[in-house]
Structure formats: structure tokens, C-alpha cells
1. Based on the mean of other Cβ atoms within 10 Å per residue, sort peptides 51-61, 97-107, 83-93 so the most packed one is first.
2. Could you work out how much longer the chain between residue 151 and residue 124 gets when fully extended? Use 0.36 nm per residue separation minus the Cα distance between them, nm to one decimal.
3. At 7 Å along the Cα-to-beta-carbon direction for both residue 62 and residue 143, put a label point, then send me their distance in nm to one decimal.
4. Taking the alpha-carbon distance from residue 156 and a cut-off under 19 Å, which aspartates and glutamates remain once sequence neighbours fewer than 8 residues away in the same chain are dropped?
5. Apply the Karplus parameterisation 6.51 cos²θ - 1.76 cosθ + 1.60, with θ equal to phi minus 60°, to every residue of region 65-78 and state each ³J(HN,Hα) to the nearest whole Hz, in sequence, with x for glycine and proline.
6. What are the residues whose amide H is under 5 Å from the amide H of residue 83, where those residues sit 5 or more places off or on another chain and H is modelled from the backbone?
7. Quick query: amide H of residue 118 versus all other amide H atoms, modeled in the peptide plane; which residues come in under 5 Å with a sequence gap of 5 or more or a different chain?
8. Just to confirm a number: summing +1 for Lys and Arg and -1 for Asp and Glu over residues other than residue 54 whose beta-carbon lies under 13 angstrom from that of residue 54, what do you get?
Amino acid sequence: MTAARQQRKSLLGCGAALAVAVFTAFFASPALPAAPADPVVTNALTGLAISGFDPVAYFTDAKPKVGRPKLELRLDGAVWRFTNEGNRAAFADHPEVYMPRFGGYDPTAIARGASVPGHPLIWAINGERLYLFYSTAARAAFLAEPAATIERATRKWPQVMRTIAR
């Protein structure tokens, strides 16, 4: 190989390396570990979140309604069902708004350090968030002191999440 050709090849190699470095600096974001999604109460056999109830209906209809199999959306390993296209679209746009807080686990149990799935027929909306409870007594305890229960549950949730099998 001639000296001129070696020099040209060397410059091309430097140019390519420089281009990769520039591209990486400007277009690639540093690798950040993805935050795992909160576990969601799902049926182990069907994969349905909150037993197939429409999470948006609690807000729009002020009551739980069973979603339709033809109106499903998969998110974070769970299948969510909806009663109509509008509810499915609203959930798709803002799942963090409509998804039950703590993934549908009972906040009164979480406040005690336990993970107990809530029942979709025993529910409350507080602070524009949906909460599910395992019993009417747990719901009553929550409603007596919602702010204190939410604060304790929020503090214990990271620890409790680690105990939930995914």
C-alpha cells in the first residue's frame, strides 16, 4: 500500500470514529435503567387486570363496569378491558391517571406492610385516584383517614412491591 493511500485510509478511519462519537453525543441518551412498572393485580389464568373491569368507568360512570373482550389493551404485561372505545383511548393516553393506585393492591394492607389484592367491587376515588380494597372494613378504615393511609402506604410501597411475584 502506498504512503498516500495509507494516510487517506487513516483519515477515513478517524473521520468515521469522529462521526460515531458526534452521533452518540448528540443523539444517543445515556443508558438509564428502566424503572419497572408497578405490579398490577391480574388474574393468573387470564392475565386480566382488575378482573376485567374497566378502570376508566370508575371515573366516568361512578361505578365499576365489566369491560368487553373486544375492547382490550395490553400494558406492562396485563390485559385491560374497557366498556367503549372512548374509555380505551383515554386509558391509552393516560394510564397513570386511570390505573388503580398501588396496582390495585389494598392501600390499608400496604400501609401495614402487606400485599393484598383489592377487589374491583370495593373501591373509592380519593384525590382523583382509584383505590381498590379487599373488604368493606378496609375501605371504611381508609375513608376514615385517607391522607394518613396513603402516606403510610406510599412509604411502604417500595418494600411491599419487592414481595409481589411477577
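What follows is calculated from the coordinates using simple rules that are stated; it is not laboratory data. Remember, it's a predicted structure, so these values are computed and weren't measured experimentally. No Cβ is skipped: glycine too gets one built from the backbone with ideal geometry, and neighbour counts run over all protein chains shown.
1. For the peptides 51-61, 97-107, 83-93, the packing ranking is 97-107, 51-61, 83-93.
2. Additional length available on full extension: 8.1 nm.
3. Once both label points are built, they end up 1.4 nm from each other.
4. Within reach: 38, 106, 145.
5. Per-residue couplings from phi come out as 9, 6, x, 9, x, 6, 10, 10, 9, 9, 8, 6, x, 10 Hz.
6. Amide H neighbours of residue 83, under 5 Å, 5+ apart: 68.
7. It is 105, 106, by chain and number.
8. With Lys, Arg at +1 and Asp, Glu at -1, the net is +3.
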